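Below is one structure; the comments refer to it alone.
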Amino acid sequence: MHPNLTVMGFEKEKLPIFYKTSSEIEAIREAALLVSKTLGLVASEIRAGVTTAHLDKMAEEFIRDNGGTPAFKGYEVADDTPPFPATLCMSVNEEVVHGIPSNRELKDGDILTVDCGVIKNGFYGDHAYTFPIGQVRQDVLKLLKVTKECLYLGIEQATIGKRVGDISFAIQQHAEKNGFTIVRELVGHGVGKMLHEAPELPNYGKRGKGILLQNGLVLAIEPMINFGKKDVRQLSDGWTIVTLDSKPSAHYEHNIAIVNGKPVILSTFDYVDAALAKNQNAVAV
Ligand code: MG
Ligand code: MG
């Protein structure tokens, strides 16, 4: 999950950035790894015919059994929007983010973005993965691959001496070079004792712009990349964001900390990769 630029308005409110100590970073890592394991559990169960509500229920039980609390369930963004009702954001095909789990059965050829947040020992973890279900079109698989590459190219930029805009620029360049577009309305963010902290981290921008990166900064880097046009809209449920042209969208997210001048990835896709290798109904990206 991530803030909506217009709703959260970190920059406008000039909220402070909280730089973390090494023990705080370890606590965030613990929360992030519980998210990683939860995504691995989802990966082991994912197949055509399963409902997103079933995966959501499994995830909630797993998080609570492991000493965590689902961070998205009950999350509120605005007075006129009901709190988010589930543990996972489950976004299928043209749904970009914030999809609500339901009795919808996944179909062969779908893509499913699973975004998960956990609170553990007072700190948040928040990361996401887009899964192909069965046989997915080659050009859509390319969207997934490029979006994941954008995530790692963004992370590479998170070194001392660079600025937030360097991360944004790297993500945008790679996506657009491959013919895809960047969602503008939703952004990455700082993470720590709150799910969404300053700074905002757009997935588009200019090199050398924005705040200077420093040790102790912990970020949720999360490119949201569209197959077709960049424009999105929100459904009347108050949450689900879909592409305006109904073409698919992908989203990968990691939590990283800057330590000794370099990015350290606190979350991992290792559990997802291991589960997908064993799940004959799923394919790796
Ligand atoms: Mg997220
Ligand atoms: Mg996020």
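Per-structure values
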| item | result |
| --- | --- |
| Potential extension, ARG207-ARG64 segment - 0.36 nm per residue separation minus Cα distance | 47.3 nm |
| Model label zone, ASP270; criterion: amide N under 19 Å from point 7 Å along Cα-to-beta-carbon; scope segment 111-139 | 125-129 |
| Globularity ratio of segment 5-278, using Cα Rg and 2.2 N^0.38 Å | 0.92 |
| Relative packing of 154-160, 48-54, which averages over residues the other C-beta atoms within 10 Å, highest first | 154-160, 48-54 |
| At least 15 Å along the helix axis (C-alpha) and Kyte average at least -1.0, DSSP helices within the chain | 22-45, 52-65, 138-156, 164-177 |
| Assigned charges on the beta-carbon of Lys, Arg, Asp, Glu; segment 5-278 dipole about Cα centre (debye) | 780 |
| For segment 144-169 versus segment 209-223, the gap between their alpha-carbon centres in whole angstrom | 10 |
| Listed residues ALA48, GLY68, TYR271: farthest to the positive end of the dipole of segment 5-278 (Cβ charges) | TYR271 |
| Rough spin-label spacing in nm, given labels placed 7 Å along Cα→Cβ, for LYS57 and ARG184 | 4.2 |
| Rg/Rh for segment 123-279, where both radii come from Cα atoms and Rh is the Kirkwood radius | 0.97 |
| Cα-based convex hull volume of segment 222-285 per residue, rounded to whole Å³ | 154 |
| Exposed-site-free run, longest, the chain (rule: trypsin sites (Lys or Arg not before Pro); DSSP loop; at most 16 other C-beta within 10 Å) | 230-285 |
| Gain upon complete extension [ASP79, ALA48; 0.36 nm per residue less C-alpha separation] | 7.5 nm |
| Length released on extending from ASN103 to ASP245, taking residue separation times 0.36 nm less the Cα-Cα span | 48.7 nm |
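Readers should treat all values here as calculations from the given coordinates under stated rules, not as data from a laboratory. In this text, all values refer to a predicted model and were calculated from it rather than measured experimentally. All Cβ positions, even for glycine, are placed from backbone atoms using ideal geometry, and neighbour counts span all protein chains on display.
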